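One structure is given below, encoded as structure tokens.
The values are calculated or read from the model by the stated rules, or taken from the named source; none is laboratory data. Here the structure is a predicted model, which is why all the values come from computation and not from measurement. So basically every Cβ, Gly included, is an ideal-geometry build from the backbone, and we count neighbours across all protein chains shown. All accessible areas refer to the heavy atoms of the entire protein, side chains included, with ligands and DNA or RNA removed. Shrake-Rupley method; radii C 1.70, N 1.55, O 1.52, S 1.80 Å.
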Amino acid sequence: KCICSGWRCGPQQRALLCCVLVAAWERLRYVIPEELGRGSLVGPLARDLGLSPAELPARQLRIVSGDEKRYFVLEEESGNLRVNERIDREGICGDVTPCVFGLETVMENPFNIYHVSITIQDINDNAPRFDKEVVAIELIESTPPGTRLPLGTGRDPDIGVNSLQSYQLTPNPLFSLVVKEDSDGRKHAELLLEKNLDREKQKSHNLILTAVDGGDPVRSGTTQIKIDVTDANDNAPVFTKEIYKVGVPENLPEGSLAFQVKATDGDEGTNAEITYSFNDIASSARQLFSLDPKTGDVRITGPLDYEDVKYYKVTVEGKDGGGLSAHAKVHIDIIDVNDNAPSLTLLPILNPIPEDSVPSTVVAVINVRDRDSGVNGEVTCNLDGDLPFKLEASSESTYKLVIENSLDREEVSTYNITIIATDRGSPALSSRADLVLEVSDVNDNAPVFEEAAYSAYVPENNAAGEPVLRVSARDADAGANGRVSYALAGGGADAAFVSVRAETGELYAQRSFDYERCREFAVEVRARDGGTPARSATATVRVFVLDRNDNAPRVLWPAAGGAEGGAGAAAGEAGYLVAKVVAVDADAGRNAWLSYELLQAPEPALFRVGLHSGEVRTTRAVSERDAAKQRLVAVVKDHGQPALSATATLHVVLAESVQDALPELNEDPEAADPQAELRFSLVLALALLSAAFLLSAALTLLTRLRRAGPPAVLRCLGTRRFSASGPAVPADFCEGTLPYSYNLCVAPGRAVPEGAWLLPPALLPSVPVEEPLSGEPCGNRSPSDSAGPGDQPDHLRASQVSNSALFSHCLSFFSSSAQNAESFFLRVSLGSVCRTRCSETLQENKAELHCSCASQRTVNSFSPCLISGHAAGFG
């Protein structure tokens, strides 16, 4: 339903668009007023179809069919539909309503057909008119009142409210106006005699009849009615039918009798002689029909065409010799015959046709028109011959020629297509049209790789620019369509590793590969031919980087520079775990398999290293003859070719008690450093040659000793260095040595069992400086202080931890605390060490740690290691 609200057209108004409706079946409707001038806008067709101006060149929107095509034009730039020629609704459609133009438009890429209906709306551009300017009527003075005389019909080509709406008659006491309306809505004026006529008083009467339409502004037309009063005639003529309905075939030749009207009169003589004439007839009908005034025969005087006018209405008057008349209406229906063969209009859409066109591709549009009606106008279209095409009906009058089967130019390069249109009339009429279609060659073969996926194996550390592998693709096309070039498809990080030569498909490494960073990557290689449009194919190339033994083992513990360990009474047994060397290798496979060997030891028979575990154990019981300080060098090797290795240095101190360890503790840790020993040896070797150099070295050493102050252990042994109760750590713990060594004091209490080691910090609670410590002696700690709910007491729990695990965890803690240290020392007292208090500066329930590393005082946390109820502090 199309609703136009508040729109009224005057004679000067030119409304561009009343209403647009896009139906679900791709029909657009526009309503415009008639009489629009050339160039007037009908509607934005392209915009209503959803097209922007930028899309118009590619979509090729255009009008392709319809006799009404000459009335409209489609702008190429904007896609607006405009009036091309003045449109007169009355001249085109006459009384037919609605007056609709049908257009077929096509749009490509993708192809589609749209049906556009343009309804021409009537405007009040015609005034009512009468066929005669003067209507002469003769009345016998004896005509009784109430007699009605037809005055003819005013004609207004407009329709609706713009057509004739009413009649007006000049006032007269003897006559009045009666308006009658036919079934089709036409209004007829009749003159009603109100009173008796008296010829002696007045022989004639002149009246003015006005026909008025309903347009805005109102238009009107007039005719003069001249009434002559004559002597009496008793009987008026009478027609055999009040309304004659006749059908006339449109192919009736000129001069043929169409029909006859007949009237009778009861009078005699001249009063009974009837003369026939057309009283009310359109000018167009007057040219086609003639009436014999004596016989009432109506004959054809011009060509009838059902397609132009389908029916006529006339009024016939029969008048006798006495002046009396009668009137009859005649409805003439023109009967359609099959006198028009279908007409074909071809619009090639795609010519030549690419051979790779898919089925259902539209090749051409065929518009079929048959001006006949009914079955005479029903048309079917067919193709002549067996062809890979078919016709699809797009609408009642439009067909699409589409591809039904695949085309192959190598088999058939040209198709001569004959389209036959036949109507269903009797006899049937037909017409044909020929269309020649060429098939063009296209690049319909894409390159094909010899393999869908390629694999390449490249050892790491390769040279940049080294060939990786070669891919190959073939194209069945010829010439430029078969010329293949190669390139990497897509981007990404992997595409930066290799490049491809466009002509040969050979891949080259762009950089040296590192197995430890990237073990494999994949790229896609695209092969593209030279056709238009180009076709391409891709293949996946997966490059596997092979490992080489280019990474030496890395020792995680001990850290670079070495570390100190200790062994006590428990080391009297063979197989005692002293330490564990931990190392990793960044390579893979055999290159990462590690083995451990003891490279250097003062007592080779005292220690051994696990070949695969790296555990340093004693091979025999420790004796008093063994040196108190042992320096062990372990080598870690991988299984690569050639093998790579790394070394780890451990310093092991053997002691029974703190007193026995004091001489070792007082030694400057730097003296145990192999580099220091080497320097010392060099100094001794050069002393004979350069006394000045030795003196300078001595002064340097004295200067460093003065800065460092007295050894930390001596301060540890002062008479008032410990608080009265609780665990204690020297206030100057580690001062001047961190991170090169760690000095250890244990709190007073029961003697530590020999061979017991400190628990690692991960197994014990770490007590911050601010947190108060228990005031109980380390040897009398209650189980509740060292065990949570449901846990065993500390002295029971500690006894269940093996010496090896305790030592290993403690070493791991120190290793993580001194990653940047040149060497690492762990000094452990293995006797009863709870006889002496450590620091008089240690406040009760508070442990304060002072470090001079990087010239900065730092307060560290205090972590007690609980072993059989004893506590030891370390940092």
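Please state which one of 266, 255 is assigned to a loop (DSSP other than H, G, I, E, B) and modelled with pLDDT under 90.
It is 266.
Would the stretch 280-294 turn up any residue that is at pLDDT below 90, open to solvent by less than 30 Å² (accessible area, probe 1.4 Å) and part of a strand (DSSP E or B)?
Yes: the stretch 280-294 contains one or more residues that are at pLDDT below 90, open to solvent by less than 30 Å² (accessible area, probe 1.4 Å) and part of a strand (DSSP E or B).
Enumerate the pairs (first residue in the stretch 307-331 and modelled with pLDDT under 90 and among the basic types (Lys, Arg); second residue anywhere and part of a strand (DSSP E or B) and surrounded by fewer than 19 Cβ atoms within 10 Å (Cβ to Cβ)) with beta-carbon separation below 7 Å, excluding pairs fewer than 6 apart on the same chain, so at least 6 apart or on different chains.
Going by the 7 Å Cβ cut-off, there are no qualifying pairs.
I need the full set of residues from the stretch 409-448 which are among the charged types (D, E, K, R), at pLDDT 85 or above and under 29 Å from residue 477 (Cα atoms), in order please.
Answer for the stretch 409-448, where residues must be among the charged types (D, E, K, R), at pLDDT 85 or above and under 29 Å from residue 477 (Cα atoms): just 438.
Would you be able to say whether some residue in the stretch 47-63 is under 21 Å from residue 349 (Cα atoms), modelled with pLDDT under 85 and more than 32 Å from the chain's Cα centre (by Cα)?
Taking every residue of the stretch 47-63 in turn, at least one turns out to be under 21 Å from residue 349 (Cα atoms), modelled with pLDDT under 85 and more than 32 Å from the chain's Cα centre (by Cα).
Taking the conditions exactly as written (open to solvent by 40 Å² or more (accessible area, probe 1.4 Å), farther than 30 Å from residue 534 by Cβ, among the hydroxyl-bearing types (Ser, Thr, Tyr) and assigned to a loop (DSSP other than H, G, I, E, B)), does residue 426 satisfy them or not?
Yes.
Suppose we filter 459, 467 for residues that are over 34 Å from the mean Cα position of the chain (by Cα), open to solvent by less than 50 Å² (accessible area, probe 1.4 Å) and closer than 30 Å to residue 522 by Cα; which single one remains?
459
In the stretch 581-592, which residues are surrounded by fewer than 20 Cβ atoms within 10 Å (Cβ to Cβ), in a helix (DSSP H, G or I) and either in contact (Cβ under 8 Å) with a residue 60 or more places away in the chain or not hydrophobic (A, V, I, L, M, F, W, C) (or both)?
Matches in the stretch 581-592: 589, 590.
Being of a type in the set (A, V, I, L, M, F, W, C), touching a Gly at 6+ places or on another chain (Cβ under 8 Å) and open to solvent by less than 30 Å² (accessible area, probe 1.4 Å): is that true of residue 353 here?
In short, no.
Can you name the residue in the stretch 593-626 that is open to solvent by less than 30 Å² (accessible area, probe 1.4 Å) and small (Gly, Ala, Ser) and, of all such residues, is nearest to residue 639 (Cα to Cα)?
Within the stretch 593-626, the match that is nearest to residue 639 (Cα to Cα) is 595.
Could you list, in sequence order, all residues of the stretch 114-135 that are within 30 Å of residue 367 (Cβ to Cβ), open to solvent by less than 30 Å² (accessible area, probe 1.4 Å) and of a type in the set (Val, Ile, Thr)?
The answer is 116, 118, 120.
Considering the stretch 470-485 alone, what residues qualify as being open to solvent by less than 70 Å² (accessible area, probe 1.4 Å) and either of a type in the set (A, V, I, L, M) or on the phi > 0 side of the Ramachandran plot (or both)?
Across the stretch 470-485, the qualifying residues are 471, 473, 479, 480, 484.
Given the conditions (1) open to solvent by 20 Å² or more (accessible area, probe 1.4 Å); (2) under 30 Å from residue 459 (Cα atoms), report the number of the one that residue 574 does not fulfil.
Residue 574 satisfies all of (1) open to solvent by 20 Å² or more (accessible area, probe 1.4 Å); (2) under 30 Å from residue 459 (Cα atoms) except (2).
Among the residues of the stretch 456-499, how many are of a type in the set (A, V, I, L, M, F, W, C) and closer than 30 Å to residue 441 by Cβ?
Of the residues in the stretch 456-499, 8 are of a type in the set (A, V, I, L, M, F, W, C) and closer than 30 Å to residue 441 by Cβ.
If I ask for residues that are at pLDDT 90 or above, under 18 Å from residue 545 (Cα atoms) and either in a loop (DSSP other than H, G, I, E, B) or open to solvent by 30 Å² or more (accessible area, probe 1.4 Å) (or both), which ones from the stretch 486-499 would you list?
499
Looking at (1) in contact with a Lys or Arg (Cβ under 9 Å, 6 or more places away or on another chain); (2) under 30 Å from residue 183 (Cα atoms); (3) surrounded by fewer than 20 Cβ atoms within 10 Å (Cβ to Cβ), can you tell me which one residue 339 breaks?
The one condition residue 339 does not meet is (2).
Could you give me the residue pairs with C-beta distances under 6 Å whose first residue belongs to the stretch 170-198 and is over 22 Å from residue 281 (Cβ atoms), whose second residue is among the hydrophobic types (A, V, I, L, M, F, W, C) and open to solvent by 60 Å² or more (accessible area, probe 1.4 Å) wherever it lies, and which are 6+ apart or on separate chains?
Note: pairs meeting the criteria are 170/208.
Name the residues in the stretch 315-336 that are small (Gly, Ala, Ser), buried (at least 20 other Cβ atoms within 10 Å of the Cβ) and assigned to a loop (DSSP other than H, G, I, E, B), would you?
322
When you scan the stretch 50-126 for strands (runs of 3 or more DSSP E) that lie fully inside it, which ones turn up with 2 or more residues that are in contact with a Pro (Cβ under 9 Å, 6 or more places away or on another chain)?
Fully inside the stretch 50-126 and qualifying: 112-121.
Suppose we filter 509, 446 for residues that are small (Gly, Ala, Ser), surrounded by 13 or more Cβ atoms within 10 Å (Cβ to Cβ) and under 14 Å from residue 521 (Cα atoms); which single one remains?
From the options 509, 446, the qualifying one is 509.
Inside the stretch 457-509, can you point out the residues that are charged (D, E, K, R) and farther than 19 Å from residue 542 by Cα?
Within the stretch 457-509, 474, 475, 477, 483, 503 qualify.
Which one is least open to solvent (accessible area, probe 1.4 Å) among residues in the stretch 136-163 that are under 20 Å from residue 324 (Cα atoms) and either acidic (Asp, Glu) or in contact with a Ser or Thr (Cβ under 6 Å, 6 or more places away or on another chain) (or both)?
140
Given (1) farther than 29 Å from residue 638 by Cβ; (2) modelled with pLDDT under 90; (3) surrounded by fewer than 17 Cβ atoms within 10 Å (Cβ to Cβ), where does residue 451 come up short, assuming only one miss?
With (1) farther than 29 Å from residue 638 by Cβ; (2) modelled with pLDDT under 90; (3) surrounded by fewer than 17 Cβ atoms within 10 Å (Cβ to Cβ) applied to residue 451, the lone miss is (2).
Just the residues that are under 26 Å from residue 588 (Cα atoms), touching a residue at least 60 places away in the same chain (Cβ under 8 Å) and outside any strand (DSSP E or B), please, taken from the stretch 436-485.
Hits for the stretch 436-485 are 460, 461.
In the stretch 400-420, what count of residues is obtained for those that are open to solvent by 30 Å² or more (accessible area, probe 1.4 Å), under 21 Å from residue 347 (Cβ atoms) and either touching a helix residue (DSSP H, G or I) at 6+ places or on another chain (Cβ under 8 Å) or without any contact (Cβ under 8 Å) to a residue 60 or more places away in the chain (or both)?
Qualifying residue count, the stretch 400-420: 4.
Is it true that some residue in the stretch 69-78 is of a type in the set (S, T, N, Q), more than 30 Å from residue 196 (Cβ to Cβ) and modelled with pLDDT under 85?
For the stretch 69-78, residues of a type in the set (S, T, N, Q), more than 30 Å from residue 196 (Cβ to Cβ) and modelled with pLDDT under 85: absent.
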